[in-house]
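Peer 1: Here you go, one structure.
The values are calculated or read from the model by the stated rules, or taken from the named source; none is laboratory data. Predicted, not measured: the structure shown is a model, and the values here were computed from it. Positions of Cβ are generated from backbone atoms using ideal geometry, with glycine treated the same way; all protein chains shown enter the neighbour counts.
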Amino acid sequence: MPTRHALPLQSYDNARKRHGNTTPATLFDDLPVSAFHRPAQDWGIYMTPAPSLLISGSAWFDGTLLFGPLQLTIGAGKWTCLLGPSGVGKTTLLRLVAGLDAVTRFDGHLNASDDLPLAGRTALMAQSDLLMPWLNVTDNVLLGARLRGKTPDHARAARVLGRVGLSDHTRKTPDALSGGQRQRVALARTLMEDRPIVLLDEPFSALDARTRSQMQDLTVELLSGRTVLMVTHDPAEAARLADTILIMTETGISSFPPPPSPAPRAVDDGETLKTQGQLLALLRQTTQQDESV
Amino acid sequence: MKKAASLFASALFAVLLWQAVVTLGALPRFILPGPVLVAETLWKSRALIAEHAVITIAEVLIGLMLGALLGGLSAIGLATSPVARTLIRPMMVFSQAIPVFALAPVLTLWLGYGLSSKIFMALLIIYFPVTSAFFDALMRTPAPWLDLARVMGAHPRRIMWHIRVPAALPGFASGLRLAAVYAPIGAIIGEWVGASKGLGYLMLLANGRAKIDLMFASLIVLAIFTLLLHAGVDRFCRHYLDGKSRTAKAI
Ligand SMILES: Nc1ncnc2c1ncn2[C@@H]1O[C@H](COP(=O)(O)OP(=O)(O)OP(=O)(O)O)[C@@H](O)[C@H]1O
Ligand SMILES: [Mg+2]
């Protein structure tokens, strides 16, 4: 019997080597890794080069302050990791950037460095997978194209699903998948969106350690050149992937220096492990302060 | 299997109870005929009953399909357009204060003694339950799905078609299940008010001529048809509309 979770992915070291040199991605033969490489005539507003994001202000819910006032910049084409205690407002911040501020009121500014509107330029992978139970895996991944009235690219969907290790499950409905498989479908759906700004809310939280590091490598590879804002609770993840590490607490946002080497870093890299440890110590401190209040 | 056995046992018990009431109460056959007599009549008059049953079944099925179609479209229309909601919804709710039965004579006057007045009666009686069950479900699409669609840059019409409708199909299904039970009532009332064919007409005729056994035989046929219809609709709903339905894929 073949193993169910065997992933058609290169080992971590291979992925790292590939990331280090300039060979184009093997997966999206017809799809450059970065939006920058697209032919100029394909650039609509959606294909603008990834801008940086400038956020300043505070968020209110029902008259009570949720977070802020805070000020942060999400670097253009960079990977920013956002950490912080549960309930501090990380998801809320992501939803604000995605233009989904239905219940929270945001006083302040939220701008892209190119001064173009953010609408239509973001992709959001929410904390829950939000798969449609009546659609099979492939159709879930193609949902964005269908909702926009575009011809669904089945070949590309098949390749992305192959890369997240779900080639054998494309015809299943979500209820026939494990939690980690569902999360990888949601990841594939987000990668299919092809937007310059990508917002990820704990995208790898349901995965086992091995699959997680593989998905991290894959996501870094496929989202390179985009402005990525990722919420995570995992210091190891932040230490591996981040160009910028931000820590959000009730009192504001502070940054933390990432390891000097380029991401994705090896899981056993000394600097990465050190950053991971320091981050964890810092997060424990903020949590303890919470408890003493 | 266990379900079938329980169903059979329950039916047998009902028949025995029925016979016991007739025997112990010493009821004359023109008040309450026993099960044996009714079974005999059912067999003897099978051609007559079948002739009328076909008419009623046709009325119910056509009414059900039209009602489902119209109810479905109305619900989608109401869910799509706030203007339609403000204008039409209060009217629909008010219309529920009018007993549909009270309209039967007028419908017969307008549409005649043929099939159409009964079909319309069945349609009328199921239209509201189907519309309101489906509409409520359409208005309760989980917000995170709608958020996802918005971030994906979806057009409202496509959100309706690809997310809200498929997500609301279980609600539509519960409306249809109710409709399967109500539709025969509508058709029978229509036949009572004015018809020359159909089980309702036959029951009224048999009653008037003190042929209570024929009345009961027709009633049993009607009840069995309603049960089968409900089971059929239930099966259809479970297969196509409930839970992980695949309808959205075909679209
Ligand atoms: N719809 C809502 N109604 C009421 N309160 C809300 C709502 N959404 C969020 N909140 C509150 O806002 C605060 C921030 O929530 P948010 O989801 O942004 O936290 P988070 O940092 O993402 O937490 P976690 O790490 O647990 O996901 C929480 O205290 C939460 O209770
Ligand atoms: Mg959150």
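Peer 1: Could you list, in sequence order, the residues of the stretch A:95-110 that are surrounded by 17 or more Cβ atoms within 10 Å (Cβ to Cβ), within 14 Å of another protein chain (Cβ to nearest Cβ) and either more than 9 Å from ligand 1 (Cβ to nearest atom) or under 14 Å from the mean Cα position of the chain (by Cα) (or both)? Give the steps one after another, and end with the answer.
Peer 2: Here is the first cut: in the stretch A:95-110, the ones surrounded by 17 or more Cβ atoms within 10 Å (Cβ to Cβ) are A:95-100, A:104, A:106.
Checking the rest, the ones that are also within 14 Å of another protein chain (Cβ to nearest Cβ) come to A:95-100, A:104.
Scanning the stretch A:95-110 gives A:Arg95, A:Leu96, A:Val97, A:Ala98, A:Gly99, A:Leu100.
Peer 1: If I filter the stretch A:225-247 for residues that are surrounded by fewer than 22 Cβ atoms within 10 Å (Cβ to Cβ), among the hydroxyl-bearing types (Ser, Thr, Tyr) and within 16 Å of ligand 2 (Cβ to nearest atom), do I get at least one hit?
Peer 2: The answer is no, given that none of the residues of the stretch A:225-247 is surrounded by fewer than 22 Cβ atoms within 10 Å (Cβ to Cβ), among the hydroxyl-bearing types (Ser, Thr, Tyr) and within 16 Å of ligand 2 (Cβ to nearest atom).
Peer 1: Moving on to the next point. Report, by residue number, each residue of the stretch B:113-156 that is more than 22 Å from A:Ala123 (Cβ to Cβ) and among the charged types (D, E, K, R).
Peer 2: Of the stretch B:113-156, the ones more than 22 Å from A:Ala123 (Cβ to Cβ) are B:113-140.
Correct list: B:Lys118, B:Asp136, B:Arg140.
Peer 1: Considering only the stretch A:174-194, I want to know if a residue exists there that is more than 16 Å from ligand 1 (Cβ to nearest atom), within 14 Å of chain B (Cβ to nearest Cβ) and over 27 Å from B:Gly153 (Cβ atoms).
Peer 2: Scanning the stretch A:174-194 turns up at least one residue that is more than 16 Å from ligand 1 (Cβ to nearest atom), within 14 Å of chain B (Cβ to nearest Cβ) and over 27 Å from B:Gly153 (Cβ atoms).
Peer 1: Looking only at residues in the stretch A:211-233 that are over 14 Å from A:Pro258 (Cβ atoms) and within 16 Å of ligand 1 (Cβ to nearest atom), which one is farthest from the other protein chains (Cβ to nearest Cβ)?
Peer 2: So the residue we want is A:His233.
Peer 1: Does A:Leu199 satisfy the condition of being within 16 Å of ligand 1 (Cβ to nearest atom), of a type in the set (A, V, I, L, M), within 14 Å of another protein chain (Cβ to nearest Cβ) and touching a helix residue (DSSP H, G or I) at 6+ places or on another chain (Cβ under 9 Å)?
Peer 2: On the way: within 16 Å of ligand 1 (Cβ to nearest atom): yes; of a type in the set (A, V, I, L, M): yes; within 14 Å of another protein chain (Cβ to nearest Cβ): yes; touching a helix residue (DSSP H, G or I) at 6+ places or on another chain (Cβ under 9 Å): yes.
Here the answer is yes, as A:Leu199 does meet what is asked.
Peer 1: Conditions: (1) within 26 Å of B:His162 (Cα to Cα); (2) buried (at least 19 other Cβ atoms within 10 Å of the Cβ). A:Leu82 meets all but one. Number of the miss?
Peer 2: (1)
Peer 1: Filter the stretch A:111-127 for residues that are within 14 Å of another protein chain (Cβ to nearest Cβ) and small (Gly, Ala, Ser) and give the result.
Peer 2: Here is the first cut: in the stretch A:111-127, the residues within 14 Å of another protein chain (Cβ to nearest Cβ) are A:117-127.
Of everything in the stretch A:111-127, those that are within 14 Å of another protein chain (Cβ to nearest Cβ) and small (Gly, Ala, Ser) turn out to be A:Ala119, A:Gly120, A:Ala123, A:Ala126.
Peer 1: Still on this structure, I have one more. Against the conditions (1) over 24 Å from A:Ala98 (Cβ atoms); (2) within 11 Å of another protein chain (Cβ to nearest Cβ), where does A:Ala158 fall short? Just the number, please.
Peer 2: Going through the list (1) over 24 Å from A:Ala98 (Cβ atoms); (2) within 11 Å of another protein chain (Cβ to nearest Cβ), A:Ala158 breaks only (2).
Peer 1: Looking at the stretch A:130-146, is at least one residue more than 16 Å from ligand 1 (Cβ to nearest atom) and without any contact (Cβ under 8 Å) to a residue 24 or more places away in the chain? Let's see the steps before the verdict.
Peer 2: Kept after step one, since they are more than 16 Å from ligand 1 (Cβ to nearest atom), are these residues of the stretch A:130-146: A:131-146.
Now restrict to residues that are without any contact (Cβ under 8 Å) to a residue 24 or more places away in the chain: A:139, A:146.
Checking the stretch A:130-146: at least one residue is more than 16 Å from ligand 1 (Cβ to nearest atom) and without any contact (Cβ under 8 Å) to a residue 24 or more places away in the chain.
Peer 1: Kindly establish whether A:Leu166 is under 20 Å from the mean Cα position of the chain (by Cα), at pLDDT 95 or above and under 22 Å from A:Val228 (Cα atoms).
Peer 2: no
Peer 1: Taking the stretch B:195-207 as the region of interest, how many residues are within 23 Å of B:Leu109 (Cα to Cα) and without any contact (Cβ under 8 Å) to a residue 24 or more places away in the chain?
Peer 2: Keep residues of the stretch B:195-207 that are within 23 Å of B:Leu109 (Cα to Cα), which gives B:195-205.
Then drop every residue that is not without any contact (Cβ under 8 Å) to a residue 24 or more places away in the chain, which leaves B:203-205.
Matching residues across the stretch B:195-207 total 3.
Peer 1: Right, next: Hey, among the residues in the stretch A:128-143 that are polar (S, T, N, Q) and facing another protein chain (nearest Cβ under 9 Å), which one's nearest to A:Glu202 (Cα to Cα)? Full working, then the answer.
Peer 2: Pass one, the stretch A:128-143, residues polar (S, T, N, Q): A:128, A:136, A:138, A:140.
Narrowing the set further to residues that are facing another protein chain (nearest Cβ under 9 Å) leaves A:128, A:136.
Values: A:Ser128: 9, A:Asn136: 23 Å.
For the stretch A:128-143, the residue satisfying everything is A:Ser128.
Peer 1: Starting from the stretch A:77-94, take each residue that is more than 14 Å from chain B (Cβ to nearest Cβ) and near ligand 1 (Cβ under 6 Å from one of its atoms) and list its partners that are assigned to a loop (DSSP other than H, G, I, E, B) and among the β-branched types (Val, Ile, Thr), counting only C-beta distances under 6 angstrom and pairs at least six apart or across chains.
Peer 2: none
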